[in-house]
Amino acid sequence: MALAALVLLAPPTRALAQAPAKAESPYFFVQGAQPGVDALPLKRTDVKVNISGVIADVVVTQHYKNEGTMPIEAKYIFPGSTKAAVNGLNVRVGERLVAAQIREKQQARVEYDDAKRQGKTAALLEQHRPNVFQMNVANILPGDDVQVELRYNELLVPEEGQYQFVFPTVVGPRYAGSGTAAEGFPAQPVLHANQPGPSAFNLKLELASPIGIQEIRSPSHAIDTEMQGQRASVQLAASASRGASQSNNRDFILDYRLAGAQIQSGVLLQRGEKENFFLAMVQPPKAVPPAAITPREYVFVVDISGSMHGFPLDTAKALMRELLGNLKAGDTFNVLLFSGSNRFLAPHSVPATPANVDAAIRTIEQMGGSGSTELLPALRRVYAEPKPADLSRTVVVVTDGYVTVESEAFALVRKHLGRANVFAFGIGSAVNRHLMEGLARAGMGEPFVITQPNEAKAQAERFRRMIDSPVLTSVTARFEGLDVYDVEPPVLPDVLAERPVIVFGKWREPSQAGKPGAEPKLLIEGRAASGEYSQALPVDLRGVDASSTALRYLWARHRIAALSDEEALTGGDAQKAAITRLGLDYNLLTQYTSFIAVDKVVRNPGGQGATANQPSPLPEGVTDRAVGEASALGASVSSTPEPAAWAAMLVVLAVIAAQAARRRERRTFTG
């Protein structure tokens, strides 16, 4: 009760008025603003996925058609997987097929603008974030049907025996903040909540496994599935309400398990023209509950901004009930609620007694979503709090991630890594996974994504298992009998869940002078809860794959991600040259390289026409508050409880007043 009193009696902290954000803000789409212009040129997106073993090969085809009366340039912002290695782009104009080239980003823009002025049909694919891309297609003439095809590879890493493939379909509206962090993030037109997306979306997936497939399901969409032993075919259900119709306002998620819940542990080798690559995937030991758990301090940072209003905040509340309910008596905790402003529920962390936990849950339940999403000030305030010397601190961030300050947040977390580790819970149907994964990576924690309220209990329990007992620590990987180099990651993190140890790298052909009959092997060593751990995997040089190039792209993608993390930590563009070189050498889309395709035929002399910014639907469960309020325009608005909660608060205050005399000598918590 004392914790609730502190929250209710303390006046809400209101942020000072701030200047409008310098970055462009999302805005609602208005149909018919330009007579004669087809404002919705993207008619359909088709996705074909082939999963072979642990590698997904994905082809995304965007179909643009100009049904207006004047030439247009189509612009479309769309999401991608945070782990995608985008390595190819083709453009088909009628019967002509144009293959794109990788270029330094500014050079690609120059070539595109030049082709646009000349009246040539051209396509430009740029990366604004590792999971946010923009397609520009110039000089689409009336009646034209243009198909743009992009390709990427992705590694699927199982967790607790379950594999998951995610295809994001919509970019949530990003709050830019009041600084310059969102520079380069374009304005994004969106439809009103619950308004169907203007373009069709379809997905077909083929799965081939060396082990029989035990179970396959989608928690996000209705699907039709055909399974035959080690193969499965999946497509969106045509007639179901959560199938193909209105399917592009949330991430497509496919979960599957293999027979016996096995994972494909081993070393995969590929030969290339100039370089050879390997991928090692090693199953760690099972988690063993320790006999005694060291008490911890938990600081929960909970987003109650406008974009969280409704379903996302309801889901976050369900999660917080589970997380707080799982705390041990010896733990301490505090909760920081943030939107345009932020405030702690108590001046200092309090013991996780039933009374304090209940009071915190009641207060969180009364919150309604409104205001902007000032994540950085919230994190700074957490790190400004003194940390008890005898407790390890864990920061848990709960948000949809609809901000553009990812790099700044990663750097802030990494800078304070010695003070706390960070776990990130992404809430919603189209979470900003780049932010969630980056926060966890910088804070040596783990990301979680919760798309439905009924997932909260299981994810909270998974979090507790990780915190209680890391599966494997002090992990090292070394090869015997095989010359390897450029290994990613150079230092292996602790394994916090039952997910495999992943190692990428390059290898050289062994010399003929090597020891005859000596089989190369990979040794994974570390410390498990039960003691020292070691596992050896044989490396079969006779089973080398020379037909696929996926490992080449995936290795480079991991190296680029590592350099991007370093750049975020140091600020500026210190790794620009190295990332650009990797993008050009390995034909990959990066923050500094783009794909450009130009048709040689001049089809619109003078290049005159209009621009059509293709709108996206709001993610499922997100309301117009994410865009229509000041939350998306840069103003800072403090969050308040829902109006219906005021009566409950008055009752609590009355009870506190009546019992004050009897409780003066008692304290529910110690500060």
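Tabulated data
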{"quantity": "Failed condition for GLU525, given (1) at positive phi; (2) touching a Lys or Arg at 6+ places or on another chain (Cβ under 9 Å); (3) not hydrophobic (A, V, I, L, M, F, W, C)", "calculated": "(1)"}
{"quantity": "Candidates ALA424, ALA378, ALA389 - the one that is in a helix (DSSP H, G or I) and either within 18 Å of the chain's Cα centre (by Cα) or of a type outside the set (Val, Ile, Thr) (or both)", "calculated": "ALA378"}
{"quantity": "Check on VAL484, touching a residue at least 60 places away in the same chain (Cβ under 8 Å), within 26 Å of ARG557 (Cβ to Cβ) and either within 16 Å of the chain's Cα centre (by Cα) or not in a strand (DSSP E or B) (or both)", "calculated": "no"}
{"quantity": "Which listed residue, of VAL382, VAL405, is farther than 19 Å from ASP255 by Cβ, open to solvent by 10 Å² or more (accessible area, probe 1.4 Å) and β-branched (Val, Ile, Thr)", "calculated": "VAL405"}
{"quantity": "Residue count for segment 317-359, restricted to those that are in contact (Cβ under 8 Å) with a residue 60 or more places away in the chain and among the hydroxyl-bearing types (Ser, Thr, Tyr)", "calculated": "3"}
{"quantity": "Wholly within segment 97-203, strands (runs of 3 or more DSSP E) carrying at least 3 residues that are of a type in the set (A, V, I, L, M)", "calculated": "120-129, 132-140, 145-155"}
{"quantity": "Yes/no for LYS22 being more than 22 Å from the chain's Cα centre (by Cα), at pLDDT below 95 and either surrounded by 14 or more Cβ atoms within 10 Å (Cβ to Cβ) or not small (Gly, Ala, Ser) (or both)", "calculated": "yes"}
{"quantity": "Complete set of residues in segment 36-88 that are in a strand (DSSP E or B), open to solvent by less than 20 Å² (accessible area, probe 1.4 Å) and of a type in the set (A, V, I, L, M)", "calculated": "LEU42, VAL47, VAL49, ILE51, ALA56, VAL58, VAL60, ILE72, ALA74, ILE77, ALA85, VAL86"}
{"quantity": "Residue pairs meeting the criteria (Cβ under 9 Å; at least 6 apart or on separate chains; first over 21 Å from VAL171 (Cα atoms) and in contact (Cβ under 8 Å) with a residue 40 or more places away in the chain, in segment 414-442; second surrounded by fewer than 23 Cβ atoms within 10 Å (Cβ to Cβ) and of a type in the set (Ser, Thr, Tyr))", "calculated": "LYS415/TYR383; ALA420/TYR383; ALA420/SER392; ALA420/THR394; PHE423/THR394"}
{"quantity": "Residue identified as open to solvent by 20 Å² or more (accessible area, probe 1.4 Å), under 24 Å from the mean Cα position of the chain (by Cα) and within 19 Å of THR394 (Cα to Cα) among GLU455, GLU461", "calculated": "GLU461"}
{"quantity": "Only one of LEU537, LEU551, LEU563, LEU522 that is within 15 Å of MET281 (Cβ to Cβ) and either not hydrophobic (A, V, I, L, M, F, W, C) or not in a strand (DSSP E or B) (or both)", "calculated": "LEU551"}
{"quantity": "So LEU435, is it part of a helix (DSSP H, G or I) and out of contact with any strand residue (DSSP E or B) (no Cβ under 9 Å at 6 or more places or on another chain)", "calculated": "no"}
{"quantity": "Hits in segment 189-236 (condition: crowded, with 16+ Cβ neighbours inside 10 Å and hydroxyl-bearing (Ser, Thr, Tyr))", "calculated": "SER199, SER209, SER218, SER220, THR225"}
{"quantity": "ARG441 vs. criteria surrounded by fewer than 24 Cβ atoms within 10 Å (Cβ to Cβ) and modelled with pLDDT of 95 or more", "calculated": "no"}
{"quantity": "Test result for GLU160, free of Cβ contacts under 8 Å to residues at least 40 places away in the same chain and surrounded by fewer than 23 Cβ atoms within 10 Å (Cβ to Cβ)", "calculated": "no"}
{"quantity": "LYS415, sole failed condition from (1) open to solvent by 20 Å² or more (accessible area, probe 1.4 Å); (2) modelled with pLDDT of 90 or more; (3) within 22 Å of the chain's Cα centre (by Cα)", "calculated": "(2)"}
{"quantity": "Of residues in segment 237-293 being open to solvent by 40 Å² or more (accessible area, probe 1.4 Å) and among the polar types (S, T, N, Q), the one modelled with the highest pLDDT", "calculated": "GLN283"}
{"quantity": "Qualifying residue in segment 394-407 (condition: within 18 Å of the chain's Cα centre (by Cα) and in a helix (DSSP H, G or I))", "calculated": "yes"}
{"quantity": "Only listed residue being within 22 Å of ALA561 (Cα to Cα) and surrounded by fewer than 21 Cβ atoms within 10 Å (Cβ to Cβ), chosen from GLU126, GLU154, GLU104", "calculated": "GLU104"}
{"quantity": "Whichever residue in segment 137-151 is open to solvent by 20 Å² or more (accessible area, probe 1.4 Å) and more than 17 Å from GLU73 (Cβ to Cβ) and, among such residues, is farthest from the chain's Cα centre (by Cα)", "calculated": "GLU149"}
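The values are calculated or read from the model by the stated rules, or taken from the named source; none is laboratory data. Bear in mind the structure is a predicted one, so any value in this text is a computation, not a measurement. We place every Cβ from the backbone using ideal geometry, glycine too, and count neighbours over all the protein chains shown. Accessible surface is based on the protein model in full, side chains and every heavy atom, while ligands, DNA and RNA are left aside. Shrake-Rupley method; radii C 1.70, N 1.55, O 1.52, S 1.80 Å.
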